[in-house]
Every structure is written in structure tokens, then in C-alpha cells.
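Notes to accompany the following structure.
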Amino acid sequence: MSGSTLPEPRDDAPVVDIDASSRLRSPRMVWRAFVSDLSRSGFLSVTIFRRDLAAQYRGLILGVLWVFIQPIIASAVFVALVDSGVLALGETTLPYPLYVYAGTLLWQVFRLSTDVPRQAMAQGKSLLNRLNFPIEGMILAKLYRVLMNAGFGLVTLTVAVLVFLDASHLPHLLWYPLAILPMIVVGLLIGELVAPLENLFGDFSFLMTYALNGLFLLTPVVYAAPETGVLAGVIAWNPVGYVLDAGRALITGGAVGAPGVTVGIFLGFLVLLAAAHMLYRITIPFIVERSGA
């Protein structure tokens with residue numbers, strides 16, 4: 001078997017237990033199964049990751065360079081609009097190109113994380129029909145891609161810090177893993193809540209796109225949060241804005257606003273993610289049954 005392909009199903013392959021009702025009666029059983037599946041997902045997740053990575057960049061001239069190019073282009077658009085006077089996005093505590101690029105990187109980590117559970121369920125349900133296949137293996141494989149993109153982003157962010165600030169700010173980049181962790185957690189949370197609905201009702205794919213676009217506009221990714229007005233009130237109730245702003249401050253040496261609130265929001269996201277993953281695992285048998293298992 002090649003290291004980049006999945007094993008072919010055999011006639012004697014174990015069959016998944018898709019008795020969803022028993023799982024609803026015993027949530028503790030769901031968590032025991034989660035721990036067991038997670039422990040045996042390592043090799044499988046790496047295999048899927050390598051396969052998906054090869055498929056994603058096959059036939060592209062620039063290949064993996066697109067990981068660098070996409071956030072740069074997205075940031076450059078807003079920088080050009082502000083420099084030309086088309087947009088007035090408020091005064092930022094950092095040079096605007098660095099402010100918008102750091103925010104864009106963190107938003108990209110969040111955005112890609114929302115896709116992880118959705119893609120895992122959509123692609124994994126065909127394997128779940130035939131194999132005793134841990135869904136955590138598929139989730140980890142998709143998460144590796146998010147971490148790879150985040151790692152490439154750190155390289156370009158380092159260059160941006162040197163260009164717009166100076167080398168004395170580089171030690172702040174050591175906080176980068178802590179800055180992206182909340183973005184991953186909230187992204188996984190949203191993705192796990194939406195994935196079952198999206199697999200049952202196609203309309204949710206469109207709704208998710210519009211909802212994320214709207215959330216982007218209501219999150220201070222490319223603009224400084226206003227202190228007064230309707231938008232200021234909306235942003236004050238946007239938990240994604242708190243963790244994104246705190247992450248950007250950490251990696252650029254700024255002051256984290258309302259650190260107690262931000263930590264509380266992050267811990268709340270962790271608890272909700274644990275509950276959402278239980279629901280995610282419980283709904284998988286229903287999704288498999290509906291797909292024709």
C-alpha cells in the first residue's frame with residue numbers, strides 16, 4: 001500500500017455500528033468511543049492529509065505558494081483602498097498593512113477551521129458505510145492543513161513585522177500558537193454545529209457562506225473597532241472579535257483589551273466545542289443511514 005492512499009475495503013472489513021439510538025441513550029459511551037478512536041487516528045490522519053495535499057495542488061503552477069499568496073492579496077486589496085482614500089477604516093495601533101495582514105491571517109485560520117468538520121463529515125460518510133473508520137482521523141487530516149497554512153502565514157508575518165516594525169518585536173511572535181488556538185476552537189465549534197445540517201439540507205451551504213461573509217464585516221479584521229455607534233455595539237457582542245483582536249495584540253506586542261473577558265470567552269468556546277463534538281458523533285450514524293448505508 002502506498003503511503004499516500006487509503007486502504008481498499010475488503011470483504012472481511014469490520015462494519016460500523018450505526019445504531020444511533022443506543023448512542024443517544026448513553027452519552028458516556030460516545031466519549032469512550034471518542035477517546036478510543038482518537039488514539040488510533042494518527043497514521044490514518046497523516047495518510048489522508050498527504051493524499052489530500054497532493055490532490056489539492058496537483059496541476060497548479062504555483063502549487064503550495066498559493067498558501068502565501070491568498071492572504072497577501074486579500075490584505076493588499078484593503079491597503080490599496082485605504083491608501084487611495086476610497087475607504088476610511090479608522091486609526092489603528094499598528095501600521096495599517098501589518099494590522100490588516102495579521103488580522104487576515106487569524107481570520108483565515110478561523111475560516112478554514114469551520115470547514116474541517118464539514119469536509120470531514122461530507123467525505124468520510126462514504127468510508128463509514130464500509131469500514132470501522134474513526135471520524136477523528138478525517139478531522140485531524142483536515143486540521144493538519146489548517147496548521148500548515150498557519151505555519152506558512154507565520155513566515156510571511158515575520159517578514160511583515162521586520163518591514164513595518166523592527167526586530168525587537170519578533171519575540172512576540174512566539175505567542176502565535178496561542179493566538180491561533182482560539183480561532184481554531186471557535187471555527188471547529190461552528191463547523192461541528194453546522195456539518196450535520198449541511199449534510200442533510202443543501203441550503204445550509206449557502207447560508208454558511210453568507211453568514212461567514214457577514215461575520216467578517218462585523219469583526220475588526222481590517223478596520224479598527226469604533227468606540228461609539230451601532231457598529232461599536234454590535235462588535236461588543238461579537239465573541240470572535242474579542243479573540244481575534246487579542247491574538248493580533250499578542251503577536252504584535254500590543255495591549256490585549258479586556259483580557260478577563262477574552263479568557264472567559266475562550267473557555268466558554270472550549271466547553272461548547274466539547275458538547276458540539278458529542279452531538280457531532282451522535283449524528284454521524286443518522287447521516288450514514290440517510291446516505292444509503
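Search region 41-67 for residues being assigned to a loop (DSSP other than H, G, I, E, B) and at pLDDT 65 or above, and hand back the single one that is nearest to LEU154 (Cα to Cα). So the residue we want is ARG58. Screening GLY137 on (1) surrounded by 14 or more Cβ atoms within 10 Å (Cβ to Cβ); (2) modelled with pLDDT under 75 shows it passes everything except condition (2). When the residues of region 183-240 are filtered to those that are buried (at least 19 other Cβ atoms within 10 Å of the Cβ) and charged (D, E, K, R), the one that is nearest to ALA276 (Cα to Cα) is GLU192. Which count do you get for residues in region 152-197 that are of a type in the set (D, E, K, R) and under 13 Å from VAL116 (Cβ atoms)? Of the residues in that region, 1 qualify. Candidates GLY124, GLY151: the one that is out of contact with any Leu (no Cβ under 7 Å at 6 or more places or on another chain), farther than 23 Å from PHE269 by Cβ and of a type outside the set (A, V, I, L, M, F, W, C) is GLY124.
Out of the residues in region 257-281 that are among the β-branched types (Val, Ile, Thr) and surrounded by fewer than 17 Cβ atoms within 10 Å (Cβ to Cβ), which is farthest from LEU157 (Cα to Cα)? Give the derivation first.
Taking region 257-281 first, the residues among the β-branched types (Val, Ile, Thr) are 261-263, 265, 271.
Checking which are surrounded by fewer than 17 Cβ atoms within 10 Å (Cβ to Cβ) leaves us with 261, 263, 271.
Numbers: VAL261: 27, VAL263: 24, VAL271: 31 Å.
Ranking the qualifying residues of region 257-281, first place goes to VAL271.
The values are calculated or read from the model by the stated rules, or taken from the named source; none is laboratory data. The model shown is predicted, which means the values in this text are computed figures rather than measured ones. Reconstructed Cβ throughout: ideal geometry from the backbone, glycine too, with neighbour counts over all protein chains shown.
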